[in-house]
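Before any comments, here is the structure.
The values are calculated or read from the model by the stated rules, or taken from the named source; none is laboratory data. Remember, predicted model here, so these are calculated numbers, not experimental data. Cβ: placed from backbone, ideal geometry, glycine included. Neighbour counts: every protein chain shown. Heads up: the accessible areas ignore ligands, DNA and RNA and are worked out on the full protein's heavy atoms, side chains in. Shrake-Rupley method; radii C 1.70, N 1.55, O 1.52, S 1.80 Å.
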Amino acid sequence: MKNLDKLKKEFSRVKKMGFVECTRPNNKDGGIGNTFEDLIGVAENNKKGADFKGFEIKSKRLFNSSYVSLFTKSPDNPKGANSYLRETFGEIRDENHSDKKKLYASVFGHRTSKVYLKYKVKLKVDRRNKKLNLVINDLKDRNLSIVSWSFETLKKAASKMKDLFLVFADTKTENKKNYYHFTQGEIYKDFDFEKFLKEIEKGGIMFDIRIGVYNSGKNYGKTHDHGSGFRVKAENFKNLYDTYETI
């Protein structure tokens, strides 16, 4: 409880500050979360562990319905799954790199997603074999491939999500600078892996595939994962945890 009390105290302090200038103006996607972390003294880290006193911190704009990233993790079977997916099912999407395939798709567990008007892709939970499968069929429902994550791999990737603090911010722009007012927080305790699987099956979680290539440097032409990961609507976080409260 001591860590929870500390988090609440820090949030209350930041909330009273009103609008504050973005501390990471060059970070297009993570400016809100990074600014909040800077304000409460979270040091830059490799994100393998939770952000603050055992709590993972996620952020969201008020009145925005976009998905929030849970965690990123590429499939672990077969080995080199990202390269396999890109090379086998990707398409050339950049005229400047006409020989480099990319694969971008949002995939769910309650329905199939049509990808590049060629493939039908769906997540399928296999409890018997303790796997989450990414099933790829052609448009006539003939199976083309299955890549998968073991439950063990997913549990490890989700371990930092055990306790979560979701912070909401009102936003404004003045003189080409972004400002945030952190007005609301939601505390989630005890991530439940079975609830995570059920939410996938219900369609409340998607897997966002973002696989491209390096366009320059020593890795030119090699597969580059641009953040493929599991994402959820903010209102569905409560379905993944044993308890939650709003502050």
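Of the strands (runs of 3 or more DSSP E) lying entirely inside the range 88-160, those containing at least 2 residues that are crowded, with 16+ Cβ neighbours inside 10 Å and free of Cβ contacts under 8 Å to residues at least 40 places away in the same chain span 113-115, 119-126, 131-138. Could you tell me whether any residue of the range 182-195 is closer than 16 Å to residue 109 by Cα, assigned to a strand (DSSP E or B) and not acidic (Asp, Glu)? Within the range 182-195, none of the residues are closer than 16 Å to residue 109 by Cα, assigned to a strand (DSSP E or B) and not acidic (Asp, Glu). Consider the range 54-68 and keep the residues that are of a type in the set (S, T, N, Q) and part of a loop (DSSP other than H, G, I, E, B). The one that is nearest to the chain's Cα centre (by Cα) is 66.
Output the residues belonging to the range 69-87 that are over 30 Å from residue 188 (Cα atoms) and assigned to a loop (DSSP other than H, G, I, E, B). Correct list: 78, 79, 80. Out of the residues in the range 196-214 that are closer than 13 Å to residue 122 by Cα and in a helix (DSSP H, G or I), which is most open to solvent (accessible area, probe 1.4 Å)? Among those residues, the one meeting the criterion is 202.
Residue 217 meets each of the listed conditions (1) at positive phi; (2) over 18 Å from the mean Cα position of the chain (by Cα); (3) at pLDDT 95 or above apart from (3). Report whether or not residue 37 is open to solvent by less than 40 Å² (accessible area, probe 1.4 Å), of a type in the set (D, E, K, R) and either at pLDDT 85 or above or at negative phi (or both). For residue 37, the condition - open to solvent by less than 40 Å² (accessible area, probe 1.4 Å), of a type in the set (D, E, K, R) and either at pLDDT 85 or above or at negative phi (or both) - is met. Residue pairs whose Cβ atoms lie under 6 Å apart, separated by 6 or more positions or on different chains, with the first residue in the range 1-12 and farther than 13 Å from residue 186 by Cβ and the second at pLDDT 85 or above, are 3/54; 10/40.
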